[in-house]
1. In the list 152, 183, 136, which residue meets the criterion of being polar (S, T, N, Q) and touching a Cys at 6+ places or on another chain (Cβ under 7 Å)?
2. Just the residues that are farther than 30 Å from residue 317 by Cβ and among the small types (Gly, Ala, Ser), please, taken from the stretch 181-213.
3. With the condition kept exactly as written, say whether any residue in the stretch 26-44 is buried (at least 20 other Cβ atoms within 10 Å of the Cβ) and part of a strand (DSSP E or B).
4. Is there any pair linking a residue in the stretch 92-120 that is without any contact (Cβ under 8 Å) to a residue 60 or more places away in the chain and charged (D, E, K, R) to one that is surrounded by fewer than 22 Cβ atoms within 10 Å (Cβ to Cβ) and assigned to a loop (DSSP other than H, G, I, E, B), with Cβ under 7 Å and at least six apart or on different chains, and which?
5. Look at the stretch 236-250 and say how many of its residues are loosely packed, with under 13 Cβ neighbours inside 10 Å and of a type outside the set (Gly, Ala, Ser).
6. Which of the residues that make up the stretch 1-18 are open to solvent by 10 Å² or more (accessible area, probe 1.4 Å) and not in a helix (DSSP H, G or I)?
7. Which residue pairs have Cβ atoms under 6 Å apart, sit 6 or more places apart or on different chains, and have a first residue in the stretch 15-28 that is of a type outside the set (A, V, I, L, M) and a second that is surrounded by fewer than 19 Cβ atoms within 10 Å (Cβ to Cβ)?
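The values are calculated or read from the model by the stated rules, or taken from the named source; none is laboratory data. If you're wondering where the values come from, they're calculated on a predicted model, not measured in any experiment. As a convention, Cβ positions derive from the backbone with ideal geometry for all residues, glycine included, and neighbour counts pool all protein chains shown. Accessible surface areas use protein heavy atoms only, side chains included; no ligands, DNA or RNA. Shrake-Rupley method; radii C 1.70, N 1.55, O 1.52, S 1.80 Å.
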Amino acid sequence: MRANCARILGHLPKGTRLLAVVKAGAYGHGAVPVARAAVDGGASGLAVATLEEAHALGGLVSPDRVLVMGGLTPAQARVAAAGGWSIGVSSREQAAALGKAGHKVPVHLKIDTGMGRFGCAPAEAPELARFIHQSSGLDLAGTWTHFASSESDDALTKAQFTRFTETIAAFDVGPGMRHACNSMGAYNHPEFALDAVRCGIAIYGCEWPGTQPALALRSVVTHVKTVDAGDTVGYGAKWKASGKHRVATVAIGYADGVHRARSNRGEVLVRGHRAQLIGTVSMDAITLDVTDVPGVEVGDVATLIGHDTDQVITAEEVAEWSNTISYEVLTSIGPRVERHYSG
C-alpha cells in the first residue's frame, strides 16, 4: 500500500496531493489499516462514501482531511456537520442545510461534467460557489468532478476536463482544492492532476501498471475425494466427470466473495499448480479438479488471488472469469473472511 501510493505520487506533477479512496472497507481490504498505510505512503487525505465510513477513520487524520463523497440528504446535515469532515455538495438545497447545521462545514462543490450521477450543472456552479462562499456556516474547501470513462474513452475524458476547468474559470470566488482525476485519469493524464487526485483501485495494486497487489485471498482444502466417470459435482449437477478425477473441496463460497458466475470457470492455485474450479459455486464452498496436482490433501492452502510459487492469479483475472471488474471482485470479499496484515 505504501509503495503503491508513493508510485502514484511519483507519476504526478510535484506538489499534487493524493486522496486515498478507502470506501467500502477500503475495497474489501479493511479501511483503518489501509488508511493508515496510505497516509504513511504519502496520501494527504482520505475519501469515503458515507458518514459512517468517515466516523470509523477517527484519529488517523484531521477530520477535514476526510472527504465524504457519497450523496447525503438534508436530513443528514446536522450529523455531517458535527463530524468536522469535508462534505461533497451537489445542490443548493444540500449546501443550505449544511450551512444551518451549527458548525462551520468544509464543502467540496461537485460539478457534473458528464458522469450524470451527482453534481450540479456547469451553468449553475458559479452561482452555487458564490452561495457557499457567502454562507457563514460553510467553507468552499474544494471543487471537483468525476470522469466517466477515463480508462477507455480519451475524448470524453478530455471533454470533461475542459468543461470542468472552463466552469471553474467562471467563478468569482476561489474554488479551493481542485480535483478531477480518479485512478485511471491520473495514470493516463497526469497533466490533469490539478491540485489533487482521488485514487482508489490503483492504491490496491490493480489496473495501474507497475503497482503491486496489496491483497491475497486464500482458503484451505477441507475434503478430497475420487469420482468416477459419470459422477457429478455441485448444485444442479453442472459438472460431470469424463473419467476418474480427484476433487478437492475448499472452504470459501459466494458468501465470501467467490461469485456464482465462477461456476465451472477459472482456476485456483494449489501446491503451485492451477486447478480448475468445477461445479456450481456454493454459499460456503467451491470444488476443484486436482487430478493433475500431485499430493493434494486436507489442510492444503488454496489461493484464489495471489502467488503460489511461480504462479499468480490477479484480481483482474478473477474479474474476467466472473464477468465483472476488479473493483467488484475486491469489494465482494465478505466479512467472515479473516483479514491479516503485514508490513
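1. Working: 152 fails: touching a Cys at 6+ places or on another chain (Cβ under 7 Å); 136 fails: touching a Cys at 6+ places or on another chain (Cβ under 7 Å).
When all the criteria are applied, what remains is 183.
2. Listed by number, the list holds a single entry, 196.
3. The answer is no, given that none of the residues of the stretch 26-44 is buried (at least 20 other Cβ atoms within 10 Å of the Cβ) and part of a strand (DSSP E or B).
4. 100/137; 104/137; 110/90; 110/118; 112/118; 112/121
5. 1
6. 1, 12, 13, 14, 15, 16, 17
7. Listed pairs, sorted by first residue: 17/44; 23/49; 27/331; 28/331.
One line per residue, one yes/no per condition, for (1) buried (at least 20 other Cβ atoms within 10 Å of the Cβ); (2) in a loop (DSSP other than H, G, I, E, B); (3) within 27 Å of the chain's Cα centre (by Cα):
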{"position": "252", "(1), (2), (3)": "yes, yes, yes"}
{"position": "255", "(1), (2), (3)": "no, no, yes"}
{"position": "269", "(1), (2), (3)": "yes, no, yes"}
{"position": "275", "(1), (2), (3)": "yes, no, no"}
{"position": "284", "(1), (2), (3)": "no, yes, yes"}
{"position": "297", "(1), (2), (3)": "no, yes, no"}
